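Heads up, the thing below is written out as structure tokens.
The values are calculated or read from the model by the stated rules, or taken from the named source; none is laboratory data. This is a predicted model, so every value here is computed, not measured. Note that each Cβ is placed from the backbone with ideal geometry, even for glycine, and that neighbours are counted across all protein chains shown. The protein model used for the area step is the full one, side chains on, heavy atoms only, and it has no ligands, DNA or RNA in it. Shrake-Rupley method; radii C 1.70, N 1.55, O 1.52, S 1.80 Å.
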Amino acid sequence: MRFAFVLLRVEPGRLEEVANAVMEIDGVSEVHSVTGPFDLLVKLYAAGYDDFGDLIPDRLQKVPGIRDTETMLAFRAFKATG
């Protein structure tokens, strides 16, 4: 399983609407409201990295109210021990 994180800029006044719509997309595991230049952080998963080529531009970026996105692919996850 592969993971990606996508930062979203959302049109003013549409944060909750966009977050709820994004949560309905297959492959989305988490949506967080964040501070800074972006409004939402989305964690996505797919079987392989090529699958993000369909999931992100064809599903996620077409949600009404999203103004801009920035995608980061995750290569390795680290966990605290103990």
Taking only Cα atoms of the chain, the Rg to Rh ratio with Kirkwood Rh works out at 0.98
Rounded to the nearest 500, the 222 nm mean residue ellipticity computed for the chain from DSSP H runs (n ≥ 4, each -39500 (n - 2.57)) alone is -6500 deg cm²/dmol
In whole Hz, the Karplus estimates of ³J(HN,Hα) for the stretch 51-57 (6.51, -1.76, 1.60; θ = phi - 60°; x where Gly or Pro) are 5, 5, x, 9, 4, 6, x
Relative contact order in percent for the chain (Cα pairs under 8 Å, 6+ apart) equals 46 percent
Scoring only Lys, Arg, Asp and Glu (+1, +1, -1, -1) among other residues with Cβ under 12 Å from the Cβ of residue 47 yields -3
If the chain between residue 74 and residue 9 were fully extended at 0.36 nm per residue, the gain over the current Cα-Cα distance would be 21.4 nm
For the chain, the accessible surface attributable to carbon and sulfur atoms (probe 1.4 angstrom, ligands and nucleic acids excluded) amounts in percent to 50 percent
Sorted by chain and then number, the residues having a modelled amide H within less than 5 Å of the amide H of residue 39, at least 5 places away or on another chain, are 8, 9, 10
